[in-house]
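Just below is one structure, and these are the notes that go with it.
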Amino acid sequence: MKRGQGSPGSWGGKPITRRGVIIGMAAVGGFLVVDLGATLYARGPLGSGGRLTPQAFVDAFHRVYGRHPGYRLNHSKGVAVTGYFESNGAGTELTSAAVFRSGRTPLQGRFSLSGGNPNLSDAAGVARGLGLAIGYPDQQQWRMAMLNIPVFLDNSPQGFYDRLLASKNDPTTGKPDPAVMKAFLAAHPETAKAMDVVKQHPPTAGFADSTFRSLNAFYFVNGAGTRTPVRWSLDPLQPLQTPQPASKNPDWLFDNLIRNMASGPLRWRLLLTVAEPGDNLRDATIAWPEQRRVIDTGTVVLERIETEAAGNARDINFDPMVLPSGIEPSEDPLLPARSAVYSASLRRRAGTSGAAPQVNVNEVAQ
């Protein structure tokens, strides 16, 4: 295959609310958000006492992965998909969000692999992402950025920043410096524990049979004003596939996905996991007990896959703080941080031309 080049959360003590973050204009061609770069801070880089801003994250991604104009800072390699969410109405018990009323709502999405270099070869162990924007562009949308891992590896913006820098490959070995990573894990035991959890859940064969999770907690608010903390997941209705041997094809994960969708729509159940008192709402590295109540709210159906191009999911900012009425962010400090950095990434790539799609759907033999 040819390859181309609610209680508000807070960060730094400043309250962040969904409506304070979002300007209510969603369109396929982009999304306008408030520039939080001047107001959102965490503890300084590696404990230096300096300010950790969205620009610091931009610089860190450039340092680790290089500069790739026109691509996202993270999850640079991806494909666009479209489909719909078929709600069964069960979610209205917890939320007044229109998307959970019985019926069908269109969506756009994007499958991706983590990392900021769009030219890297696919690897089974790299985290797989699925971003969705559910709803009509001229109305309130629900946007989400999910991963196929059971817990997130960091519980703070600082932790993510430190891990990003520690993961930079040594040019002589092509792998992260073991001494640097060891020092990072010693300073961030929460990440070491999360990595152990992830190792206990090996990835499936591909995108189609992966479970994708919100990881962060959110509040669902129903018509009576009751706020219920939840995490959600997409549970695949496709059977588990047989893992394939290592392939020299640098795009084998995406090529398999393209072939899967050529055979028909792919489906996932949208499940809400309801927290109980004592469950941690601020720390995405900690899994909730398996005994928690789970509500099946309907089916996400993906019907069409496309090469990224102007006008499809390439231009959508899958900001997890873009929420409809009836869904609110939790106090997890990663949420406003992610929103700010996603906005910085969008501004950086907006209007940039000449970036060839790294995966070309039309060049995959069916």
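Here are the numbers:
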{"read-out": "In segment 66-100, residue most open to solvent (accessible area, probe 1.4 Å) [restricted to those that are assigned to a loop (DSSP other than H, G, I, E, B) and more than 30 Å from residue 116 (Cα to Cα)]", "value": "88"}
{"read-out": "Selection status of residue 119, part of a loop (DSSP other than H, G, I, E, B), in the same structural domain as residue 253 (by TED's automatic domain parsing) and either among the acidic types (Asp, Glu) or surrounded by fewer than 22 Cβ atoms within 10 Å (Cβ to Cβ) (or both)", "value": "yes"}
{"read-out": "Residue within segment 270-280 that is within 29 Å of residue 189 (Cα to Cα), of a type in the set (Gly, Ala, Ser) and either open to solvent by 60 Å² or more (accessible area, probe 1.4 Å) or at pLDDT below 95 (or both) present", "value": "yes"}
{"read-out": "Number of positions in segment 123-149 that are under 13 Å from the mean Cα position of the chain (by Cα) and either over 20 Å from residue 110 (Cβ atoms) or among the β-branched types (Val, Ile, Thr) (or both)", "value": "1"}
{"read-out": "Conditions (1) farther than 17 Å from residue 83 by Cα; (2) among the hydrophobic types (A, V, I, L, M, F, W, C); (3) buried (at least 23 other Cβ atoms within 10 Å of the Cβ): number failed by residue 133", "value": "(1)"}
{"read-out": "Single residue of segment 317-356 satisfying the filter (open to solvent by 50 Å² or more (accessible area, probe 1.4 Å) and of a type outside the set (Ser, Thr, Tyr)) that is modelled with the lowest pLDDT", "value": "354"}
{"read-out": "Per-region count, segment 157-199, residues open to solvent by 30 Å² or more (accessible area, probe 1.4 Å), of a type outside the set (Lys, Arg) and in a loop (DSSP other than H, G, I, E, B)", "value": "7"}
{"read-out": "Qualifying residue in segment 29-37 (condition: of a type outside the set (Gly, Ala, Ser), at pLDDT 50 or above and in contact with a strand residue (DSSP E or B) (Cβ under 8 Å, 6 or more places away or on another chain))", "value": "no"}
{"read-out": "Residue under evaluation residue 219, criteria (1) modelled with pLDDT of 95 or more; (2) surrounded by fewer than 20 Cβ atoms within 10 Å (Cβ to Cβ); (3) of a type outside the set (Gly, Ala, Ser), criterion not met", "value": "(2)"}
{"read-out": "Residue in segment 331-345 that is more than 22 Å from residue 53 (Cβ to Cβ) and either assigned by TED's automatic domain parsing to the domain that holds residue 85 or assigned to a strand (DSSP E or B) (or both) present", "value": "no"}
{"read-out": "Long-range neighbours under 7 Å by Cβ, at least six apart or interchain, first residue buried (at least 19 other Cβ atoms within 10 Å of the Cβ) within segment 283-308, second among the acidic types (Asp, Glu) and part of a loop (DSSP other than H, G, I, E, B)", "value": "284/332; 285/154; 288/279"}
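The values are calculated or read from the model by the stated rules, or taken from the named source; none is laboratory data. Owing to the predicted nature of the structure, the values given are computational and were not obtained by experimental measurement. Positions of Cβ are backbone-derived with ideal geometry, glycine not excepted, and every protein chain shown enters the neighbour counts. SASA here: full protein model, heavy atoms, side chains in, ligands and nucleic acids out. Shrake-Rupley method; radii C 1.70, N 1.55, O 1.52, S 1.80 Å.
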